[in-house]
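Chemist: Handing you this structure, nothing more for now.
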Amino acid sequence: MSFAPKTKMDLLLDKRLTLSWTLAIQILLATITSIIIYRRHLHPLSSIPGPPFASISRLWHIYHILKGDQNLQLVSLHNKYGHFVRLAHNEVSVSHPDAVKKILGSQLKKGPWYRMTAIPDYRFQSPMATTDPKKKMEKSKAFASGYALTNVLRSEPQLDNVISLLLGHLDGFARTGKEVGLDKYFTFTSFDVAGEILFSSQFGFLETGTDVGNAIANGYWLSMYASAMAFFYHIHVALLGNPFITWLNILPYGHLFDTTIKAMKARLQDKRDESRFDSVEYWFRAMEKHPEKIKWRDVQAVTVSTVGAASETVSCALQSFVYYMIRTAGAWERARKEVIELQEKEGGREERVVSWGQAKRLVYLQACLKEGLRMFAPVPMNLPRVVGPEGLEIGGRRFEKGSILSVNSWVMHFSDEIWGEDAGEFKPERWLREDAGELDRWFMPWGYGYNSCPGQNIARLELSKIAATLVRDYDISQVNPEQEWKWQAFFTVVQHSWPCYIKARKTTTNESGCKVPLH
């Protein structure tokens, strides 16, 4: 087979095409080089120290998000460089003692990263996903009644029922002597509690003892995806966060979303029990009273986001409490003694679950919960704010309009400057000192300022009751006491791989025929 020789015109066109491609590549390389030089040496943040690659791209940060160690990296970098670390070309992580108040405690606009929290797509704008502080606070105010502690406490009997299901599983493991993954059962519990308190319907995790629809397992990958893709929000919207994908209902959080929406629709139509004022009931009434402010989609957005946020953070906090308590000599026994002494005075030993009224007054136990949250804050992501037109000065440095400044709870919670040389140690006693109130200025497991977690009352209620009941009625030990747990820090911290043995305390029968622990 032969080919006709190229004509002069063909050769000329080939030459021009080659020159065009060469020129395009040269322009592209020149553009990239210019961007790198500007970001590295000429950008307003170029004097801030940090990893060299972080100064030219967000990819350094995303790499450590996907690796699951972003929090430890930032703690290490702040120990090395001081109060200011350049996290990306346009963001600075700040650990100065004034950072919490001046950055998170101010009315600065939230960073664009928060837009990712609109679930399942961009139409569902919850307060968390709203970056403008005024608009965010207006939305939060509309939903505040559903989170108020006095209103949440109306569901305490139903909460006790869910906790009793957890205790039933623990009793089973105690009888058989088999090891248990508390990460699994604490997560089951936190999701079912969220469903019960928010819309009077559990997800069925504890009832079945299984991860229904692989919803929790899928959450691992969703958390990883959301943490990274939040910095590429428009790509996320094009791929998954849009109405068409929502309509197809193919995303892996289907069971959680479907159960939530199904329960809400049923309640809205014909099952609104006047005697049960759960969170959704308050929001429905607010929607009826102020239809111009609160829409059906707003209620959906808040409910779905609360299910995810409250569940993952509570599971993390419960695991942290147990993990550090059983690895600290005498802590479990001291907390148990405190519960017993209170109930011997006031009664309540026959109750399956310790009441909130008693749990909240257990001073040492509350200190242990707080210290567990300090040591292992559930949210490892930096909380970014955008500097306004007036600029911001902090720690002797001035940042101009548009700069993104962020604060990380792990960095603040492990600061020797704030907590002392024992910042890396689990010491509940620090919360019993006279200066404990001062330490609250830097305690931020629930966020801080206008964007602090609205569901923290639910979390405190659940944590306090479960923790008090566990220390009273069970002995817990790791299968291998020398084995440290494993975890990944994505949007939230996901702990695993620390199997335990459970022993139930011996019981006797009281005058009412109820079984009570022998203490």
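The values are calculated or read from the model by the stated rules, or taken from the named source; none is laboratory data. All values reported here derive from a predicted model rather than from experimental measurement. A quick note on method: Cβ atoms are made from the backbone with ideal geometry, for glycine too, and the neighbour counts reach across all protein chains shown. Ligands, DNA and RNA are stripped out before the accessible areas are found, and what is left, the full protein with its side chains, is counted by its heavy atoms. Shrake-Rupley method; radii C 1.70, N 1.55, O 1.52, S 1.80 Å.
Chemist: What number of residues within region 33-56 are among the hydroxyl-bearing types (S, T, Y), under 23 Å from G395 (Cα atoms) and surrounded by 13 or more Cβ atoms within 10 Å (Cβ to Cβ)? Let's see the steps before the verdict.
Modeler: Of all residues in region 33-56, those among the hydroxyl-bearing types (S, T, Y) come to 33-34, 38, 46-47, 55.
If we keep only those that are under 23 Å from G395 (Cα atoms) as well, we get 46-47, 55.
Now narrow it down to the ones that are surrounded by 13 or more Cβ atoms within 10 Å (Cβ to Cβ): 46, 55.
Qualifying residue count, region 33-56: 2.
Chemist: When the residues of region 307-343 are filtered to those that are at pLDDT below 95 and open to solvent by 10 Å² or more (accessible area, probe 1.4 Å), which remaining residue is farthest from S464 (Cα to Cα)?
Modeler: The residue in question is G308.
Chemist: Right, next: Hey, can you tell me all the residues within region 113-122 that are outside any loop (DSSP other than H, G, I, E, B) and either open to solvent by 60 Å² or more (accessible area, probe 1.4 Å) or among the hydroxyl-bearing types (S, T, Y) (or both)? Step through it out loud before you land on a result.
Modeler: If we filter region 113-122 for residues that are outside any loop (DSSP other than H, G, I, E, B), which is where we start, we get 113-117.
Residues satisfying the conditions are Y114, R115, T117.
Chemist: Quick one: L104 ticks every box in (1) in contact with a Gly (Cβ under 6 Å, 6 or more places away or on another chain); (2) modelled with pLDDT under 95 except a single one, so which number is it?
Modeler: It is condition (2) that L104 fails.
Chemist: If you scan region 213-247, which residues turn out to be among the β-branched types (V, I, T), out of contact with any Pro (no Cβ under 8 Å at 6 or more places or on another chain) and modelled with pLDDT under 90? Walk me through it before giving the result.
Modeler: Our first condition is that a residue be among the β-branched types (V, I, T); within region 213-247, this holds for 216, 235, 237, 245-246.
When the remaining residues are screened for being out of contact with any Pro (no Cβ under 8 Å at 6 or more places or on another chain), the result is 216, 235, 237.
I216, the sole residue that qualifies.
Chemist: Oh, and also: Residue under question is L256, and the condition is that it be of a type outside the set (D, E, K, R), in a helix (DSSP H, G or I) and surrounded by fewer than 17 Cβ atoms within 10 Å (Cβ to Cβ); does it hold?
Modeler: Details: of a type outside the set (D, E, K, R): yes; in a helix (DSSP H, G or I): yes; surrounded by fewer than 17 Cβ atoms within 10 Å (Cβ to Cβ): no.
Criteria not met by L256.
Chemist: Filter region 283-299 for residues that are under 16 Å from K141 (Cα atoms) and either of a type in the set (D, E, K, R) or in a helix (DSSP H, G or I) (or both) and give the result. Lay out the reasoning, then the answer.
Modeler: Of all residues in region 283-299, those under 16 Å from K141 (Cα atoms) come to 283-295, 298-299.
Listed by number, the residues that qualify are W283, F284, R285, A286, M287, E288, K289, E292, K293, K295, D298, V299.
Chemist: Test of understanding: among E417, E434, which residue is more than 29 Å from R115 (Cβ to Cβ), at pLDDT below 95 and of a type outside the set (A, V, I, L, M)? Outline the logic, then answer.
Modeler: Numbers: E417 fails: at pLDDT below 95.
None of the others qualify; the one that does is E434.
Chemist: In region 335-352, which residues are under 33 Å from the mean Cα position of the chain (by Cα) and more than 19 Å from Q366 (Cα to Cα)?
Modeler: E351, R352
Chemist: Look through region 358-394, keep the residues that are under 27 Å from the mean Cα position of the chain (by Cα), open to solvent by 30 Å² or more (accessible area, probe 1.4 Å) and not hydrophobic (A, V, I, L, M, F, W, C), and return whichever of them is nearest to V92 (Cα to Cα).
Modeler: Going through the qualifying residues, I end up with K370.
Chemist: Within the set of pairs 6 or more residues apart or between chains, which connect a residue that is outside any helix (DSSP H, G or I) inside region 141-170 to a residue that is of a type outside the set (S, T, Y) and open to solvent by 10 Å² or more (accessible area, probe 1.4 Å) with Cβ atoms less than 6 Å apart?
Modeler: Every condition considered, the pairs that remain are Y147/P454; Y147/N457.
Chemist: For region 418-454, enumerate the residues that are closer than 24 Å to L72 by Cβ, open to solvent by 50 Å² or more (accessible area, probe 1.4 Å) and acidic (D, E).
Modeler: Once the filter is applied, which keeps residues that are closer than 24 Å to L72 by Cβ, open to solvent by 50 Å² or more (accessible area, probe 1.4 Å) and acidic (D, E), region 418-454 yields E421, E425.
Chemist: Report yes if some residue within region 498-517 is part of a loop (DSSP other than H, G, I, E, B), hydroxyl-bearing (S, T, Y), surrounded by 15 or more Cβ atoms within 10 Å (Cβ to Cβ) and at pLDDT below 95; otherwise report no. Let's see the steps before the verdict.
Modeler: If we filter region 498-517 for residues that are part of a loop (DSSP other than H, G, I, E, B), which is where we start, we get 498-499, 505-506, 510-514.
Okay, now just the ones that are also hydroxyl-bearing (S, T, Y), so 512.
Cutting the leftovers down to surrounded by 15 or more Cβ atoms within 10 Å (Cβ to Cβ) gives us none.
Taking every residue of region 498-517 in turn, none turns out to be part of a loop (DSSP other than H, G, I, E, B), hydroxyl-bearing (S, T, Y), surrounded by 15 or more Cβ atoms within 10 Å (Cβ to Cβ) and at pLDDT below 95.
Chemist: Within region 287-300, is even one residue in contact with a Pro (Cβ under 8 Å, 6 or more places away or on another chain) and either open to solvent by 40 Å² or more (accessible area, probe 1.4 Å) or of a type outside the set (K, R) (or both)?
Modeler: Within region 287-300, the subset in contact with a Pro (Cβ under 8 Å, 6 or more places away or on another chain) is none.
So far as region 287-300 goes, no, none of its residues is in contact with a Pro (Cβ under 8 Å, 6 or more places away or on another chain) and either open to solvent by 40 Å² or more (accessible area, probe 1.4 Å) or of a type outside the set (K, R) (or both).
Chemist: Something else: G68 fails exactly one of the following numbered conditions: (1) loosely packed, with under 13 Cβ neighbours inside 10 Å; (2) at pLDDT 85 or above. What is the number of that condition?
Modeler: Here G68 clears every test but (1).
Chemist: Open to solvent by 50 Å² or more (accessible area, probe 1.4 Å) and either at pLDDT 95 or above or outside any strand (DSSP E or B) (or both): is that true of L87 in this structure?
Modeler: Numbers: open to solvent by 50 Å² or more (accessible area, probe 1.4 Å): no; either at pLDDT 95 or above or outside any strand (DSSP E or B) (or both): yes.
No; evaluated as a whole, the condition is false for this residue.
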